Amino acid sequence: MPSNEMIKSTSLDEARRMMEICNACRYCEGYCAVFPAMELRREFTAPDLTYLANLCHNCRDCYYACQFAPPHEFAVNVPEIFADLRVQSYAAYAWPQSFAGLYRRAGTWAALALAGGLALVLVLAVLLQDAGIWAAAHTGEGAFYAVIPKNIMVGVAGAAGLFVLLSLLIGFMRFLKGAPAQAGLRPGLSALADVLTMENLKGGGAGCNFPGEKFSAERRWLHHFVMYGFFAAFAATTVAAFYDHVLGREAPYAYFSLPVILGTLGGTAMVVGCLGLMRQKLAEDKAPAYTDARPMEWGFIWLLLLTSATGLLLLAMRETTMMGVLLAAHLGVVLALFVTLPYGKFVHGVYRFAALIIFAAESKAHKQTKLKLIKSRRE
Ligand code: SF4
Ligand code: SF4
């Protein structure tokens, strides 16, 4: 059974040492949810520390504010040690457990998945279709299926989608099971509001210290572009599936139809967000960074960018003879993105949501205990 015992004791000891210093100092309590959650504790067990690490979103505000950061002998670097613990916790909660090592090789894994996805789609298209499809333009209802047969497209997407959903759900449940508090519906709604507004990325108002020491709201906006772009693209796929399987109307759809509008907006937002995040990443100060996580971060962001860019390119050129090649390339990249979702940076969103649920539950319980105490003192 996966558990916090899989996390290196040296990382836990280092995180515990830093949290004990922070708990005595408390200078950073307004920056994010980590510090109020830390203040509820006197001791830091492994579940406490992995929970706090997943509550952290690497804004680095506490690093630049810290009088004990390197070169001080205390060497307090909360963003770095929490990033280390986060990656280890992803592996600890991974399903199937035999895939846990993929987080450490996520860059290679993303590249292999991309190559494999492209190869699979191309091989299927070449084997199952007439060679002439590549030279011809295909237009009108069902044009995409002239290149990749419908049953293959639906079968591969369905199998990959189910596996990814199951894997993410099991990881999410494992995280909640190992967490230091019970989840519930109201904390879930509160966490959802936090995710949708990215409240914590405001850093108490001034923004993140990212990519350098200057406060900026840019990182929060770029994350909004990526997240809402992803939601819009997902909604476009869902509406298109409804049109196809329920209404019997096959893609491609008109430029001003709902799936195309959603897909265009989502794809454009993701391209803007990914390029902005890449620019920030190239310019980032390496001192507070956990560099072992970089291949995982780059792998995800590249796949997201390629997915959006090939989707937009396919839309722009779908009536030309390039459609077949672009469709195969787009589907190959989408497949690579899908199969890497549970074993790369994407899980940060899943576990951070779980950590925010625990945070909301703990805060509520703490408030109730405090109110009870005040009441009992008055009586
Ligand atoms: S990061 Fe530094 S300044 Fe902030 S609470 Fe911890 S010890 Fe204090
Ligand atoms: S890096 Fe940001 S989110 Fe993480 S603990 Fe420090 S202030 Fe909080």
Quick check, is Ala241 out of contact with any strand residue (DSSP E or B) (no Cβ under 9 Å at 6 or more places or on another chain) and either buried (at least 16 other Cβ atoms within 10 Å of the Cβ) or more than 22 Å from Phe338 (Cα to Cα) (or both)?
no
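Among the residues of region 157-187, how many are of a type in the set (Lys, Arg) and surrounded by fewer than 17 Cβ atoms within 10 Å (Cβ to Cβ)?
Looking only at that region, the number is 2.
For every residue, the table says whether it meets (1) at pLDDT below 95; (2) within 12 Å of ligand 2 (Cβ to nearest atom); (3) of a type outside the set (S, T, N, Q).
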position: Met6; (1), (2), (3): yes, no, yes
position: Ala15; (1), (2), (3): no, yes, yes
position: Met19; (1), (2), (3): no, yes, yes
position: Asn23; (1), (2), (3): no, no, no
position: Phe35; (1), (2), (3): no, yes, yes
position: Cys62; (1), (2), (3): no, yes, yes
position: Phe82; (1), (2), (3): no, yes, yes
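Look at Val147 and say whether it is touching a helix residue (DSSP H, G or I) at 6+ places or on another chain (Cβ under 6 Å) and in contact (Cβ under 8 Å) with a residue 12 or more places away in the chain. Write out each step before concluding.
Details: touching a helix residue (DSSP H, G or I) at 6+ places or on another chain (Cβ under 6 Å): yes; in contact (Cβ under 8 Å) with a residue 12 or more places away in the chain: yes.
So Val147 fits the description; yes.
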Collect the residues in region 319-345 that are crowded, with 20+ Cβ neighbours inside 10 Å and part of a loop (DSSP other than H, G, I, E, B), keeping them in residue-number order.
Gly344, Lys345
Does Thr310 meet the test of being assigned by TED's automatic domain parsing to the domain that holds Leu222, surrounded by 19 or more Cβ atoms within 10 Å (Cβ to Cβ), touching a His at 6+ places or on another chain (Cβ under 6 Å) and of a type outside the set (D, E, K, R)?
yes
Sole exception among (1) within 13 Å of ligand 1 (Cβ to nearest atom); (2) under 21 Å from Ser216 (Cβ atoms) for Ala75, by number:
(2)
Cβ-Cβ under 8 Å pairs, at least 6 apart or on other chains, region 355-366 side at pLDDT below 95, far side of a type in the set (Lys, Arg)
Lys364/Arg186
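Of all the residues that make up region 1-14, how many are away from ligand 1 (no atom under 16 Å from the Cβ), farther than 19 Å from Phe359 by Cα and assigned to a helix (DSSP H, G or I)? Walk me through it before giving the result.
Taking region 1-14 as the starting set, the residues that turn out to be away from ligand 1 (no atom under 16 Å from the Cβ) are 1-13.
If we keep only those that are farther than 19 Å from Phe359 by Cα as well, we get 1-3, 5-13.
Filter once more, keeping what is assigned to a helix (DSSP H, G or I): 5-6, 9-13.
The number of residues fulfilling the criteria is 7.
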Given (1) touching a helix residue (DSSP H, G or I) at 6+ places or on another chain (Cβ under 8 Å); (2) closer than 16 Å to Val347 by Cα; (3) surrounded by fewer than 19 Cβ atoms within 10 Å (Cβ to Cβ), where does Trp134 come up short, assuming only one miss?
(2)
Is it the case that Val126 is away from ligand 2 (no atom under 14 Å from the Cβ), within 30 Å of Met323 (Cβ to Cβ) and crowded, with 21+ Cβ neighbours inside 10 Å?
no
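Okay, residues lined up against (1) crowded, with 19+ Cβ neighbours inside 10 Å; (2) at positive phi; (3) away from ligand 1 (no atom under 14 Å from the Cβ):
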residue: Arg16; (1), (2), (3): no, no, no
residue: Ile21; (1), (2), (3): no, no, no
residue: Ala24; (1), (2), (3): no, no, no
residue: Cys32; (1), (2), (3): yes, no, no
residue: Phe35; (1), (2), (3): yes, no, no
residue: Arg42; (1), (2), (3): no, no, yes
residue: Thr45; (1), (2), (3): no, no, yes
residue: Leu49; (1), (2), (3): yes, no, yes
residue: Asn54; (1), (2), (3): yes, no, yes
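Determine which member of the set Leu247, Leu162 is assigned to a loop (DSSP other than H, G, I, E, B) and over 17 Å from the mean Cα position of the chain (by Cα).
Numbers: Leu162 fails: assigned to a loop (DSSP other than H, G, I, E, B).
The match here is Leu247.
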Just to be sure I understand the filter: pairs with C-beta atoms under 8 Å, separated by 6 or more residues or on different chains, first member in region 78-104 and within 19 Å of Leu162 (Cβ to Cβ), second member β-branched (Val, Ile, Thr). Which pairs pass?
Trp95/Ile170
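Would it be correct to say that Val154 is surrounded by fewer than 18 Cβ atoms within 10 Å (Cβ to Cβ), modelled with pLDDT of 90 or more, β-branched (Val, Ile, Thr) and part of a helix (DSSP H, G or I)? Don't jump to the end; show me each part of the working.
On the way: surrounded by fewer than 18 Cβ atoms within 10 Å (Cβ to Cβ): yes; modelled with pLDDT of 90 or more: yes; β-branched (Val, Ile, Thr): yes; part of a helix (DSSP H, G or I): yes.
The answer is yes for Val154.
Answer yes or no as to whether Phe99 is aromatic (Phe, Trp, Tyr), in a helix (DSSP H, G or I) and closer than 17 Å to Ala293 by Cβ. If you could, list the steps in order and put the result at the bottom.
Values: aromatic (Phe, Trp, Tyr): yes; in a helix (DSSP H, G or I): yes; closer than 17 Å to Ala293 by Cβ: no.
Against the criterion (aromatic (Phe, Trp, Tyr), in a helix (DSSP H, G or I) and closer than 17 Å to Ala293 by Cβ), Phe99 does not qualify.
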Verdict on Ala91 being part of a helix (DSSP H, G or I), closer than 18 Å to Arg352 by Cα and within 10 Å of ligand 2 (Cβ to nearest atom):
no
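The values are calculated or read from the model by the stated rules, or taken from the named source; none is laboratory data. Quick caveat: nothing in here was measured; it's all calculated off a predicted structure. Cβ sites come from the backbone with ideal geometry, for glycine too, and all protein chains shown count toward neighbours.
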